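The values are calculated or read from the model by the stated rules, or taken from the named source; none is laboratory data. These figures come from a predicted structure and were not determined experimentally. Counting neighbours? That spans all protein chains shown, and the Cβs are built from the backbone with ideal geometry, glycine included.
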Amino acid sequence: MINATLHTAKHQRQRIQDYQQTDSLGFFNLLTSAELLEHVEGYLPDHRERLFPPTETLSLFLTQVMNADQSCQRTPT
């Protein structure tokens, strides 16, 4: 059980490190991929067409949060 937990934690840390290297286009492509698009669209609120639609805004936000400089993680809550 402990080995499985350690393996899972190591895998999750690696995935986070991988995403820290992802740019906003990478997140956008992931959010609009065939596997996720239907799920993502199900959570989108009604919106007008804008310069930055919700999926693009979310991909930019994810890029900022996952950035290696960790500025978003250091904000007080």
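Before moving on, here are some points about what is shown:
- Only residues that are out of contact with any helix residue (DSSP H, G or I) (no Cβ under 7 Å at 6 or more places or on another chain) and in a loop (DSSP other than H, G, I, E, B) were counted in segment 24-51, giving 9.
- Filter pass, residue 17 being assigned to a helix (DSSP H, G or I), at pLDDT below 85 and either touching a Cys at 6+ places or on another chain (Cβ under 6 Å) or not hydroxyl-bearing (Ser, Thr, Tyr) (or both): yes
- A Cβ distance below 7 Å, combined with a sequence gap of six or more or placement on separate chains, defines the contacts here; from segment 40-61, residues that are farther than 16 Å from residue 30 by Cβ reach residues that are in a helix (DSSP H, G or I) in the pairs 47/54.
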